[in-house]
1. Criterion first (out of contact with any Asp or Glu (no Cβ under 8 Å at 6 or more places or on another chain), small (Gly, Ala, Ser) and modelled with pLDDT under 95) does GLY219 satisfy it?
2. List the residue pairs whose Cβ atoms are under 9 Å apart, where the first residue sits in the range 273-298 and is under 26 Å from THR160 (Cβ atoms) and in the same structural domain as THR141 (by TED's automatic domain parsing), the second is open to solvent by 10 Å² or more (accessible area, probe 1.4 Å) and outside any loop (DSSP other than H, G, I, E, B), and the two are 6 or more positions apart or on different chains.
3. Determine whether GLU80 is in contact with a Leu (Cβ under 9 Å, 6 or more places away or on another chain) and at pLDDT 95 or above.
4. Hey, can you tell me all the residues within the range 102-119 that are touching an Asp or Glu at 6+ places or on another chain (Cβ under 6 Å) and within 16 Å of the ligand (Cβ to nearest atom)?
5. Looking only at the range 267-298, which residues are closer than 22 Å to CYS142 by Cα and buried (at least 18 other Cβ atoms within 10 Å of the Cβ)?
6. Cβ-Cβ distance below 8 Å, separation of 6 or more or different chains: which pairs start in the range 252-264 with a residue that is of a type in the set (Lys, Arg) and end on one that is open to solvent by less than 50 Å² (accessible area, probe 1.4 Å)?
7. Could you figure out which of (1) within 22 Å of the chain's Cα centre (by Cα); (2) at pLDDT 95 or above; (3) closer than 11 Å to ILE251 by Cα isn't true of THR160?
8. Only one of ARG180, ARG185, ARG170 is more than 6 Å from the ligand (Cβ to nearest atom) and modelled with pLDDT of 95 or more; which?
Amino acid sequence: MSADRKVVIIGSGPAGWTAALYAARANLEPLVFEGEPPNTPGGQLMITSDVENFPGFPDGVLGPELMEKFKAQAERFGTEVKSQNVDKVDFSARPFKVESRGETVTAEAVIIATGANAKLLHVDKEAALMASGGGVSACATCDGAFFKDRETVVIGGGDTAMEEANFLTRYCTKVTIVHRREEFRASRIMVERAQNNPKIHWELNHTLDAYLVEEAGIGPLKREQVVGVRLKHTGTGATKELKTDGVFIAIGHKPNTDLFKGQLDLDDVGYITPRPGKAATNIDGVFACGDVQDSFYRQAITAAGTGCMAAIEAERWLEEQGL
Ligand code: NDP
């Protein structure tokens, strides 16, 4: 049975659009399911403001603007886009089945680029402060440089929190790690490195209870800016305020792989585990790229790079199959 599509791509962040661009330019006429709410078409950069570390943009670029350009470039070469979520996949036989809104599309090859989401605290104002550059971020590598000579808070007690706090001390005068327990999930060496850093302060047994904000900017640029946080003691419930210019949430990520459980090899946390050095997964013809298979780098540029790998591997695989 011949398939409806040579390549279906699920997901529309930097990885998905780069895979689409390469697949389209290879005449594979890819179909991209870009997703719809509650998912975020365009991915994590849609909830970011300034992106200063994507090469080719010396003056920086807004996250949503960058993703529009990715999409436009993929569409220019004939990528078809459906603004729908994929509800179900069946990789048990070829052609593969991809189901959305009750309709099934069959595909010779599938590229998965469904990304991961930073876990958030869901404290009031958080989403708006993240989207507007109001001082809340889930990525120190991306946003640390905006806090030169400022004070910041890092939430979490894992390796990411320790690493981000250490990284932030390159820019910040003071970094306070706020963690809900006294014990750390982070490895001892990472905790010790943070403990030995004189710029790092600690608020253990505390959670973030509220963002304290002030109005900043003028006219249409008016927005709320973090000026502090209210912390709550996990034992006594006592609250206190801490002055800070920014908050970095480092409480882990969740890869978007619920669709693929039981069909693809995943690690303990749920990340897809492609074959070493490749985008190819344990199922021939299914490829994975971007943050859905990367718990380590998590950058737009690395996601785009693996999107390119996935498309090139898919193209070669289709050719080998005589498709
Ligand atoms: P982890 O899951 O390891 O740690 C998450 C931390 O956030 C925990 O301390 C947890 O607290 C805390 N947390 C979770 N939810 C909340 C919440 N709602 N409110 C407050 N605190 C919360 O995630 P990481 O991102 O730190 O690490 C992920 C993986 O990546 C790990 O395997 C880690 O080792 C690895 N990694 C390795 C690095 C390295 O080796 N250089 C660098 C970065 C990551 P609690 O402990 O109480 O559950």
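1. In short, yes.
2. Within 9 Å, no pair qualifies.
3. In short, yes.
4. Result: GLY115, ALA116.
5. Just the residues of the range 267-298 that are closer than 22 Å to CYS142 by Cα, to begin with: 271, 289-298.
TYR271, CYS289, GLY290, ASP291, VAL292, GLN293, ASP294, ARG298, listed by residue number.
6. LYS254/ALA116; LYS254/GLY270; LYS261/GLY270
7. (2)
8. Answer to the selection: ARG170.
The values are calculated or read from the model by the stated rules, or taken from the named source; none is laboratory data. This one's a predicted model, so the numbers in the text were calculated from it and none came from an experiment. Neighbour counts run over all protein chains shown; Cβ positions are idealised from the backbone, glycine included. Note: areas computed on protein heavy atoms with side chains; ligands, DNA, RNA excluded. Shrake-Rupley method; radii C 1.70, N 1.55, O 1.52, S 1.80 Å.
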